[in-house]
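Shown next, in structure tokens, is the structure this report addresses.
The values are calculated or read from the model by the stated rules, or taken from the named source; none is laboratory data. Computed from a predicted structure; not experimentally measured. Heads up, the Cβs are rebuilt from the backbone with ideal geometry, glycines too, and the neighbour counts pull from every protein chain shown.
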């Protein structure tokens, strides 16, 4: 029996199935004919699930070792996408409880259950940024000291946990996605940038940018990684580099009017002061208004996804197509279709 057939003999467990990437992982697995069990914290509901059937759900929290062990019954492979994505959660230690200890629980349960392969979703933010001439890749230094936030450091530590379990005999693949965009983002998360540009005719953006990856292509890579790729390896998922301002311009062109303003670089320091004050007064400040997020917006984060493209046979649709599909999904989801 080959690797793919062996995995199809049981269920694929998707942790974090209720999140942006997780939902798209479930869709991609079902489109490829896999039996799927989604591990979620609350019952699945919302437009992101419309039209999807044949999925079994298990309720629980990856911080609870017993719950994750029960979810592993009959599972042959795991796509571990569950994470706490707040850059600065309150309390801060929650980032480590979920992203590090939760990952340890998932890996421990998978090893005990005899799971054939675990695919872990990390973040490109664990890697130091590259340049246009020398984009960062899997062999670049870790991103330490550039921007301080519990999310980034906990993801680096989670990668170490996954490597440890690979050495114990659990086959693992680690993905470091760039800036994820695409449909079925009910919260929304990273797509909030596109929605912001859609709400305001003259939106303001920081001067940085990052390589974009369509969530559907990222999901396809995760599915193929169940039997393709070298165990223990790390892969960057990255399409074309886009400045945040250019993404805003794509949105405004799609809507037929307006343009964007770009913040001068000197505002990186000036803007940090009021945001620091605001985060102290309002503990639950959104990710996009946190100090790390604001500072991050000034970094030109060039990445190379060549290794993953070659290994998993990825093709990247034009960013205009990703933006169009995303805005149309949000329009339909809210009952007011965008043109």
Per the list (1) in contact (Cβ under 8 Å) with a residue 40 or more places away in the chain; (2) in contact with a strand residue (DSSP E or B) (Cβ under 8 Å, 6 or more places away or on another chain); (3) outside any loop (DSSP other than H, G, I, E, B); (4) within 24 Å of residue 104 (Cα to Cα), residue check on residue 6 breaks on (4)
Counting only residues that are in a helix (DSSP H, G or I) and either touching a residue at least 40 places away in the same chain (Cβ under 8 Å) or in contact with a strand residue (DSSP E or B) (Cβ under 6 Å, 6 or more places away or on another chain) (or both), how many does the stretch 45-67 have? 3
When the stretch 226-243 is checked residue by residue, the ones that are closer than 17 Å to residue 6 by Cα and within 19 Å of the chain's Cα centre (by Cα) are 226
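Output the residue which, of all residues in the stretch 300-337 that are more than 30 Å from residue 130 (Cβ to Cβ) and surrounded by 15 or more Cβ atoms within 10 Å (Cβ to Cβ), is modelled with the lowest pLDDT. Break it down into steps so the answer makes sense when it comes.
Pass one, the stretch 300-337, residues more than 30 Å from residue 130 (Cβ to Cβ): 328-337.
Checking the rest, the ones that are also surrounded by 15 or more Cβ atoms within 10 Å (Cβ to Cβ) come to 328-330, 333.
Values: 328: 95, 329: 95, 330: 94, 333: 54.
The qualifying residue modelled with the lowest pLDDT is 333.
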Restricting the search to the stretch 9-31, which residues are part of a loop (DSSP other than H, G, I, E, B) and either out of contact with any helix residue (DSSP H, G or I) (no Cβ under 8 Å at 6 or more places or on another chain) or surrounded by fewer than 15 Cβ atoms within 10 Å (Cβ to Cβ) (or both)? 9, 10, 18, 19
From the list 163, 117, 70, which one is at pLDDT 95 or above, surrounded by 19 or more Cβ atoms within 10 Å (Cβ to Cβ) and either over 26 Å from residue 229 (Cβ atoms) or in contact with a strand residue (DSSP E or B) (Cβ under 8 Å, 6 or more places away or on another chain) (or both)? 117
Do we find that residue 100 is under 20 Å from the mean Cα position of the chain (by Cα) and crowded, with 23+ Cβ neighbours inside 10 Å in this structure? no
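Given the criteria farther than 21 Å from residue 327 by Cβ, modelled with pLDDT under 95 and surrounded by fewer than 21 Cβ atoms within 10 Å (Cβ to Cβ), does residue 231 qualify?
On the way: farther than 21 Å from residue 327 by Cβ: yes; modelled with pLDDT under 95: no; surrounded by fewer than 21 Cβ atoms within 10 Å (Cβ to Cβ): yes.
So residue 231 fails the test.
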Within the group 218, 186, 149, which residue is over 24 Å from residue 294 (Cβ atoms), touching a helix residue (DSSP H, G or I) at 6+ places or on another chain (Cβ under 9 Å) and at pLDDT below 95? 186
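Of the residues 115, 119, which is outside any helix (DSSP H, G or I), under 23 Å from residue 5 (Cβ atoms), touching a residue at least 40 places away in the same chain (Cβ under 8 Å) and within 16 Å of the chain's Cα centre (by Cα)? Full working, then the answer.
Details: 115 fails: within 16 Å of the chain's Cα centre (by Cα).
Matching residue, one of 115, 119: 119.
For (1) touching a strand residue (DSSP E or B) at 6+ places or on another chain (Cβ under 9 Å); (2) free of Cβ contacts under 8 Å to residues at least 24 places away in the same chain; (3) over 30 Å from residue 50 (Cα atoms), each residue gets a yes or a no:
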site: 95; (1), (2), (3): no, no, yes
site: 102; (1), (2), (3): yes, no, no
site: 108; (1), (2), (3): no, no, yes
site: 126; (1), (2), (3): yes, no, yes
site: 133; (1), (2), (3): yes, yes, yes
site: 158; (1), (2), (3): yes, no, yes
site: 181; (1), (2), (3): yes, no, no
site: 184; (1), (2), (3): no, no, no
site: 190; (1), (2), (3): yes, no, no
Single residue of the stretch 275-298 satisfying the filter (surrounded by 12 or more Cβ atoms within 10 Å (Cβ to Cβ) and more than 15 Å from residue 149 (Cα to Cα)) that is modelled with the lowest pLDDT: 278
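Looking only at the stretch 184-198, decide whether some residue is under 19 Å from the mean Cα position of the chain (by Cα) and within 27 Å of residue 8 (Cβ to Cβ).
Our first condition is that a residue be under 19 Å from the mean Cα position of the chain (by Cα); within the stretch 184-198, this holds for 184-195.
Then keep just the ones that are within 27 Å of residue 8 (Cβ to Cβ); that gives 184.
For the stretch 184-198, residues under 19 Å from the mean Cα position of the chain (by Cα) and within 27 Å of residue 8 (Cβ to Cβ): present.
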Taking residue 35 as the residue in question, decide whether it is closer than 28 Å to residue 94 by Cβ and in contact (Cβ under 8 Å) with a residue 12 or more places away in the chain. no
